[in-house]
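Participant: Take a look at this one; I'll ask things after.
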Amino acid sequence: MRMLWPTPLDDVSDDDLERIYGFPAGLDRPWVQVNFVSSADGAATIGDVSEGLSHPADKRIFLLSRDLADVVLVGAGTARSENYRGARTNPERQARRKKLGLSQLPPIAVVSGRAQLDPASPLFTDTRVPPIVITTESAPQDRRAALADAGADILIAGEQMIDLTAALKELAARGLHRIDCEGGPHLFGELIAEDLVDQLCLTVAPLLAGPGAARIAEGRMAETRRLELGSILIEDGYTMFRYRKRT
């Protein structure tokens, strides 16, 4: 992997990536990084999953982003289609998190306004850290109870619809300031609409998917949000862009 900008670097190490993609120090508010991969013509998935767009370089940054985060945020649709389970680790990654003063593993926080998740899915049965389910007051009580019985930490944010600002504040109140969002497009669209995206890490795959696939952001219209380019890395034709909110 090479860095093209801002400082050319021929062989990017894990320490380099940790420096490039690290969250700001001393956070006292929720800070949201969003990770996405897309085709060159803007598709977010191939065959309804992102795997066909991915590459080892993209996965390297994806896993590092988890290592640097307090919590992984994901929409229910993505959690279902990608068959999410609890975060994994190894001794090297554990050492990185320990060095940064983070917990051993980040919890997965799933956004589902109606609590439409299967308590028998790997998200609940194959994890070492209880997942967080972000839902609403109007979500059926029996679903919420079933997820709580499966080990989930239920976080209520909003009455009829998810209030993402309130949800992120509640995560921060629990000490989870570094938020690594892994999609999907509707959750990303809502974060854009609420001006909650601090950083976008976008891998562009050298592929043309053609019409039909969703874009990386879907949902209601939002104001244009201007970003600043933070870095550009490249490997095997895959280009990893990092953008930050303009301050």
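Participant: Taking ALA172 and the conditions (1) over 26 Å from SER121 (Cβ atoms); (2) touching a Pro at 6+ places or on another chain (Cβ under 6 Å); (3) free of Cβ contacts under 8 Å to residues at least 40 places away in the same chain, which numbered condition does it fall short on, given that it satisfies the others?
Facilitator: (3)
Participant: Please list, ordered by first then second residue, the pairs with beta carbon atoms under 7 Å, 6 or more apart or interchain, first in the stretch 59-74 and closer than 14 Å to GLY86 by Cβ and in contact (Cβ under 8 Å) with a residue 60 or more places away in the chain, second open to solvent by less than 10 Å² (accessible area, probe 1.4 Å) and assigned to a helix (DSSP H, G or I).
Facilitator: As it stands, the answer is VAL71/LEU171, since those pairs meet every condition given.
Participant: Answer yes or no: is there a residue in the stretch 12-31 that is within 18 Å of the chain's Cα centre (by Cα), part of a strand (DSSP E or B) and surrounded by 13 or more Cβ atoms within 10 Å (Cβ to Cβ).
Facilitator: yes
Participant: Looking at GLU235, GLU182, GLU190, which is the one that is closer than 28 Å to ASP14 by Cβ, among the charged types (D, E, K, R) and surrounded by 20 or more Cβ atoms within 10 Å (Cβ to Cβ)?
Facilitator: Working: GLU235 fails: surrounded by 20 or more Cβ atoms within 10 Å (Cβ to Cβ); GLU190 fails: closer than 28 Å to ASP14 by Cβ.
Answer to the selection: GLU182.
Participant: Out of VAL129, VAL111, I need the residue that is out of contact with any Pro (no Cβ under 8 Å at 6 or more places or on another chain), within 20 Å of ALA69 (Cβ to Cβ) and in contact (Cβ under 8 Å) with a residue 12 or more places away in the chain. Which one?
Facilitator: Values: VAL129 fails: out of contact with any Pro (no Cβ under 8 Å at 6 or more places or on another chain).
Matching residue, one of VAL129, VAL111: VAL111.
Participant: Here are SER103, SER112: which of them is surrounded by 19 or more Cβ atoms within 10 Å (Cβ to Cβ), closer than 16 Å to LEU73 by Cβ and polar (S, T, N, Q)? Break it down stepwise before answering.
Facilitator: Numbers: SER103 fails: surrounded by 19 or more Cβ atoms within 10 Å (Cβ to Cβ).
From the options SER103, SER112, the qualifying one is SER112.
Participant: Out of curiosity, is GLU170 at pLDDT below 95 and buried (at least 17 other Cβ atoms within 10 Å of the Cβ)? Steps first, answer last, please.
Facilitator: Details: at pLDDT below 95: no; buried (at least 17 other Cβ atoms within 10 Å of the Cβ): yes.
No: the conditions fail for GLU170.
Participant: Which residues, counting only those in the stretch 119-160, are in a helix (DSSP H, G or I) and touching a strand residue (DSSP E or B) at 6+ places or on another chain (Cβ under 7 Å)?
Facilitator: Pass one, the stretch 119-160, residues in a helix (DSSP H, G or I): 122-125, 141-149.
Within the stretch 119-160, LEU123, ARG144, LEU147, ALA148 qualify.
Participant: Also: Out of the residues in the stretch 202-224 meeting the condition of being among the small types (Gly, Ala, Ser) and farther than 22 Å from MET240 by Cα, tell me which one is surrounded by the fewest Cβ atoms within 10 Å (Cβ to Cβ). Explain how you work it out, then say what you get.
Facilitator: Of the residues in the stretch 202-224, the ones among the small types (Gly, Ala, Ser) are 205, 209-210, 212-214, 217, 219, 222.
Next cut, farther than 22 Å from MET240 by Cα only: 212, 219, 222.
Values: GLY212: 8, GLY219: 14, ALA222: 14.
In this case the residue turns out to be GLY212.
Table: residues versus (1) assigned to a helix (DSSP H, G or I); (2) within 18 Å of the chain's Cα centre (by Cα).
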{"position": "ALA109", "(1), (2)": "no, yes"}
{"position": "THR165", "(1), (2)": "yes, yes"}
{"position": "PHE188", "(1), (2)": "yes, yes"}
{"position": "ILE192", "(1), (2)": "yes, yes"}
{"position": "LEU202", "(1), (2)": "no, yes"}
{"position": "LEU207", "(1), (2)": "no, no"}
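Participant: Under 21 Å from VAL49 (Cβ atoms), among the basic types (Lys, Arg) and assigned to a helix (DSSP H, G or I): is that true of ARG80 in this structure? Explain how you work it out, then say what you get.
Facilitator: Numbers: under 21 Å from VAL49 (Cβ atoms): yes; among the basic types (Lys, Arg): yes; assigned to a helix (DSSP H, G or I): yes.
Yes.
Participant: Looking only at the stretch 75-94, decide whether some residue is of a type in the set (Val, Ile, Thr) and open to solvent by 70 Å² or more (accessible area, probe 1.4 Å). Give the derivation first.
Facilitator: Step one: list which residues in the stretch 75-94 are of a type in the set (Val, Ile, Thr), which gives 78, 89.
Keeping just the survivors that are open to solvent by 70 Å² or more (accessible area, probe 1.4 Å) gives none.
No, because not a single residue in the stretch 75-94 is of a type in the set (Val, Ile, Thr) and open to solvent by 70 Å² or more (accessible area, probe 1.4 Å).
The values are calculated or read from the model by the stated rules, or taken from the named source; none is laboratory data. Remember, predicted model here, so these are calculated numbers, not experimental data. All Cβ positions, even for glycine, are placed from backbone atoms using ideal geometry, and neighbour counts span all protein chains on display. The area values use the complete protein model at the heavy-atom level, side chains included, leaving out ligands, DNA and RNA. Shrake-Rupley method; radii C 1.70, N 1.55, O 1.52, S 1.80 Å.
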